[in-house]
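The structure under discussion appears below in the form of structure tokens.
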Amino acid sequence: MQKFSKLLFFTTLYIFLGTLLIGMILFLLSGGGKTDTPATVSTSGIPKGETKPASPVDNTPGDEGEEAIGNNSPNTDEQQNSISPAVSPTPSPTVDSAVPLEERQKNLLEGARSRLGDKYDAGYYSEGYPPDGKSACVDIIYFAYKKNDIDLMKEVNDDLESHPGLYPAKGDYAINHRRCPNLIVWFEGFSKSLPKGTDGDNLSTWEPGDVVFWSLTNDGVADHCGIISDKKNDKGIPLVIHQFPPSCKEEDVLNKWTIMGHFRK
């Protein structure tokens, strides 16, 4: 009888412990009784307690004009002047100019528009200009004037040889004319300088085929350029044909940057 009582006791104990062990295992597998609480969302749409991810930065290089091309190393990109990322301007209605164009102006526009769609490329080329389908901002001016039988590579280099002290970015023959600081010096000496403003009576001085130079960073250095179009926005301000990453475009940007020069030849 005593043995039976011990057997009964241990049997009951084993059953109790087994039941307890199974219960603990099921409890743990169910997540320990924890309930999921939805994250509190702030008005910005980011869960409170979490850090909002940084917005991606557009690292598209800016068109530095031809200072950067002056590395004289094959196929190098223009250096960056810490300018703002390239942002396409908001399109505005455009109208064609009603003013009849001179043959000179037609040629300039034809030459400039022949580069529309070019991929941006400020690499060094021993020929003095990039191949078809590629260009930098100064190349638009080069090809525009080529239609009027003016070779800016020769013109700039000839004057640089005679007046080296006037040109701030001297390199070699193939690159000198592809530097904005040099090109604006040539236009100052060999073309008509016109008002830089676009307000009041100044607006009427901007004609198709004129050349504009800008300072992208407002540091007093010309580092971008373009050809004035015969199309205007709804305020009468002309569009500009220019090469700005990623491609050559005809758009409403005349007042987008600080104007450093306005020329006609």
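Bear in mind these aren't lab numbers, they're just calculated from the coordinates by the rules spelled out. Every value quoted in this text rests on a predicted model; they were computed, and no experiment measured them. FYI the Cβ positions are ideal-geometry reconstructions off the backbone, even for glycines, and counts take in every protein chain you see.
Some notes on this structure:
- What the Cβ-Cβ distance of K106 and D219 gives, at R0 = 45 Å and to the nearest 0.05, is a FRET efficiency of 0.80.
- Prolate/oblate/rounded call for segment 107-157, Cα gyration tensor, a/c under 1.5 rounded: oblate
- Amide hydrogen proximity for F244: with H placed 1.01 Å from N in the peptide plane, the residues at 5 or more positions away or on another chain lying under 5 Å are K249.
- Residues with amide H under 5 Å from that of K119, placed H, sequence gap 5 or more: K134, S135
- Three-way shape call for segment 106-209 based on the alpha-carbon gyration tensor, with the a/c threshold at 1.5: oblate
- Gyration tensor (alpha-carbon) shape descriptor, segment 199-253, a/c threshold 1.5: oblate
- The label-point distance for K192 and D149, in a model that sets each label 7 Å from Cα toward Cβ, rounds to 2.1 nm.
- Annotation: peptides 193-202, 225-234, 178-187, ranked by per-residue average of other Cβ atoms within 10 Å with the highest first, follow the order 178-187, 225-234, 193-202.
- 3J(HN,Hα) along segment 243-251, derived from phi through the Karplus expression 6.51 cos²θ - 1.76 cosθ + 1.60 where θ = phi - 60°, amounts to 9, 9, x, x, 7, 7, 9, 10, 8 Hz, with x in place of Gly and Pro.
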